[in-house]
Amino acid sequence: MNNFRLSTYKGIAVALTQEEIEKLLNAGSTVERLLDGRVIDRDTKKVLPRQVSCIYQICEQDGAVLLANSLTEAAAIVGLYPDTLSKYLDSEQLNGEFIEIKNHKIKRVCVFS
């Protein structure tokens, strides 16, 4: 049984002190948002997979433009494994440009700026 439910708790709720509130408000961010919509952890430099807010724009040879909501969906359209496509898209020299793979041009597009 949970003795700490709000409805049954008999103890006194302790509020934060002003010093604790200021410490929380002035704390630096632990994540960094990249221009392509991905979010990385500043300490580990790893991409946080559930925080991503980007889509994948795929241009075919005939001029059709497809939008994929996930890396897996984009990889299926192109005919690659998601890990392989991710390695191409993660290269440092892209700078928001398209990469060309299997007669498709692909890039990450930030959904929210």
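Quick note: the coordinates plus some simple rules give every number you see, no bench work behind them. In this text the structure is predicted, and so the values were computed from the model without any measurement. Here the Cβ is made from the backbone with ideal geometry for all residues, glycine too, and neighbour counts use every protein chain on show.
Things to note:
- Check on Ile106, aliphatic (A, V, I, L, M) and outside any helix (DSSP H, G or I): yes
- Yes/no for Gly63 being at positive phi and either without any contact (Cβ under 8 Å) to a residue 24 or more places away in the chain or in contact with a His (Cβ under 9 Å, 6 or more places away or on another chain) (or both): yes
- Subset tally (residues that are β-branched (Val, Ile, Thr) and loosely packed, with under 13 Cβ neighbours inside 10 Å) for the range 35-52: 1
- Any hit, the range 47-60, residues being touching a helix residue (DSSP H, G or I) at 6+ places or on another chain (Cβ under 6 Å) and either assigned to a loop (DSSP other than H, G, I, E, B) or over 16 Å from Val109 (Cβ atoms) (or both): no
- Within the range 67-76, not a single residue is surrounded by fewer than 11 Cβ atoms within 10 Å (Cβ to Cβ) and outside any loop (DSSP other than H, G, I, E, B).
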